[in-house]
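Below is one structure; the comments refer to it alone.
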Amino acid sequence: MRPVLHVFAAVVLSLVVAMPTAAKTPAAKTATTAAHASHPPGAAIASAHALATDAGLEMLRKGGNAFDAAVAVSGVLSVVEPVSSGIGGGGFFLLHDAKTGRDVFVDARETAPESATPASFLDAKGDLDRDRAQNGPWSAGIPGLPAALVHIAKKYGKLPLTTTLAPAIRIARDGFPVYERLEKGYASRRTVMERYRGTRAVFLADGDPPKVGETFKQPELAHTLELIASKGFDGFYRGETATKLLAAVKEEGGRWTPNELAGYRVRERTPLKFDYRGWHITTAPPPSSGGVALAEILQTVSGWDLQKLDPAHRTHILTEAMRRAYRDRTIYLGDPDFVKVPMSRLMSPDYAAGLRATIHPDKATPSELLPGQPAPLEDDETTHYSIIDAQGNLVSTTQTVNLTYGSGMVATGTGVLLNNEMDDFALKPGTANAFGVMGFEANAPKPGKRMLSSMTPSFMESKDKLVVIGAPGGSRIITEVLIGILGYDAGLSAQQVAALPRIHHQWLPDLISAEAGALDAQTVTALEAMGHKVNAAEANWGNLQTVAWDKRANTLEGGTDPRNPMGKAAVDTAPRAAH
Ligand code: DON
């Protein structure tokens, strides 16, 4: 996993979880008579790879807006982090268009192919066939990311795709230096990846897997990106690329149809909005479970002043709220185009008040008293970036191929590594997926349906501050973003927020997971006395990327997760001609 937790981070979490006396007044929200700036003084971008952040800044210098920068950042991440995301996968793009004042959620989630019935993922004994669910062509949904890049460029951007995808094409063709996570991720998935001819052609091009320091080139991916840049949607979903994708899936024993590819569409959805202690939060609607769970947790804990509680009680209250929200995720959440999600109930402050009333002030509620049954695991891929531009446009994007290197299968001749997002469906009701989360009918696979996600790209705004935030981390994304929001609420800087140590509870398994150093021994003992099970020494997880604009001071800042040495947060306030 990731390098050792930044020492500083342990100190900082104490502001949020551990030491009430150190809590800061949320300076960003105090009343002021000073005038607030109407626009940011420049732009800020935080992403998981410096080459991606730099590509975004390059588009802004060329006269592009945040949406052009987003296309460039997404494109480069797809090339330099194949371990995490790519054009063979999907993602969610939360946008704020400063011109219209409108927030929109571009849902580029993968869809289930027609062949993907629940029965196709069961073995002869009726058990979940995890190999099919997580490896190779059956594990892949129809990709959504290329459609999103085309849609965003056309509808919101100012620059042509030939410009915004140029950095990705260049880096795919000329290569980039291999870093540790790529090499280690490959080692962990090697036996699966090398089953596939297309994967071997890319990753064993010189006979050996990519090694740290070597230059990794993906000429076929460069060609596919060029087709998208010049032909738009048809460059991926019809014609040459589509033909190759269909042939590769067939060759490896899967079944996709030309219509499934040509029929893929992004959905523009209305983001969820709710308030927490003076912050307006804008976040991901279904088919993400992230926004609903975030709203449930924050509205539940709003009955306490977390900063005034001792660390054990603060952790207790937070994790009890998490437990209840993840229970609802399991039972009710799915693709809203296919199932009726009881949104008004789950988003209601009254519902949260009801949940609050069931939390004993100093006793854990065993998860087995709420319906369901136990489960395992965790992974560390997916990627997030956050952008603010000088006009006040915002982009919060989380994109993914799901697990490390997705399905492991590159479609021969395209350079496109296919996702393994099908594992995010409840392929067998009540059986946990790779993240230990399960689901029932609401998240059962159906042709054309989008699998439930935890990705939670979000904005938060108070009178004085505007924040863009998000993270990878599978089912832990939601609690990672939650801890980030609490960090900003406690008055922390963007970099402090990105570094915060993490805790997590997801109903099942009935366990508080904590990064080493997040909870001290005394707090763990107190939590255990309340009836909690605690693993206080888990390996670090997540990769949070955030940017913030202080409207009162008119300053910008970025925060990049210290767990990922490749990330880069940058602020660019160079004067520019109006455009
Ligand atoms: O959509 C989701 O919730 C997952 N496919 C995200 C996967 C992820 O974050 C992987 N890494 N930690």
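Using 0.36 nm per residue, how much length does the chain from His280 to Ala201 gain when fully extended, once their Cα-Cα distance is taken away?
Roughly 23.6 nm would be gained on extension.
Quickly estimate the mean residue ellipticity at 222 nm for the chain, helices only: each DSSP H run with n ≥ 4 gives -39500 (n - 2.57), and the total goes over all residues, rounded to 500.
Result for the chain, helices only: -10000 deg cm²/dmol.
Identify the trypsin sites (Lys or Arg not before Pro) of region 520-579 meeting these criteria: DSSP loop state and at most 15 other C-beta atoms within 10 Å of the C-beta.
The qualifying sites are Lys533, Arg576.
What is the gain in length, in nm to one decimal, between Lys62 and Ala35 on full extension, counting 0.36 nm per residue of separation less the C-alpha to C-alpha distance?
Residue separation times 0.36 nm, minus the Cα-Cα distance, leaves 6.6 nm.
Mind checking region 387-460 for chymotrypsin sites (Phe, Trp or Tyr not before Pro) that DSSP puts in a loop (not H, G, I, E or B) and that have at most 12 other Cβ atoms within 10 Å?
Qualifying residues, ordered by number: none.
Enumerate the lysines that Lys125 could reach by cross-link, defined here as Cα to Cα under 28 Å, with residues fewer than 8 away along the same chain left out.
Lys250, Lys428, Lys446, Lys449
Order 208-216, 253-261, 515-523, 144-152 from most to least packed using the mean count of other Cβ atoms within 10 Å.
Answer by packing, highest mean first, reads 144-152, 515-523, 253-261, 208-216.
Place the peptides 390-396, 480-486, 171-177 in order of packing, highest mean first, counting for every residue the other Cβ atoms within 10 Å and averaging per peptide.
Top of the packing list down: 480-486, 390-396, 171-177.
Among Leu556, Thr525, Ala569, pick out the residue whose Cα is farthest towards the positive end of the charge dipole of the chain, where Lys and Arg carry +1 and Asp and Glu carry -1 on C-beta, about the Cα centre.
Leu556
Please report the carbon-and-sulfur percent of the accessible area for the chain; probe 1.4 Å, protein heavy atoms only, DNA, RNA and ligands left out.
The value for the chain is 56 percent carbon and sulfur by accessible area.
Obtain the nm distance between the two label points defined at Thr270 and Lys158 by a simple spin-label model: each point lies 7 Å from its Cα along the Cα-to-C-beta direction.
3.1 nm
Could you give the accessible area per residue of the chain, probe 1.4 Å, as a whole number in Å²?
Per-residue accessible area for the chain comes out at 34 Å².
Here is the link list: Lys99/Lys231; Lys184/Lys211; Lys308/Lys363; Lys62/Lys158; Lys158/Lys465. Which ones come out longer than 21 Å on Cα distance?
Lys99/Lys231; Lys158/Lys465
Lys463 versus Glu114, label points 7 Å from Cα toward the beta carbon: distance in nm?
5.8 nm
Set the Förster radius R0 to 51 Å, insert the Cβ-Cβ distance between Ala574 and Phe440 as r into 1/(1 + (r/R0)^6), and round the FRET efficiency to 0.05.
0.45
Pop the C-beta distance of Arg255 and Lys533 into the FRET formula with R0 = 45 Å and round what comes out to the nearest 0.05.
0.55
Stretch Asp123-Asp362 to full length: gain in nm at 0.36 nm per residue minus the Cα-Cα span?
Contour length minus Cα-Cα distance gives 81.6 nm.
Please compute the modelled spin-label separation between Asp520 and Glu240, points set 7 Å along Cα→Cβ, answer in nm with one decimal.
6.2 nm
The values are calculated or read from the model by the stated rules, or taken from the named source; none is laboratory data. As the structure is a prediction and not an experimental result, all values here were calculated from the model. All Cβ positions, glycine included, derive from the backbone under ideal geometry; neighbour counts span all protein chains shown. What goes into the accessible areas is simple: the full protein's heavy atoms, side chains included, and nothing from ligands, DNA or RNA. Shrake-Rupley method; radii C 1.70, N 1.55, O 1.52, S 1.80 Å.
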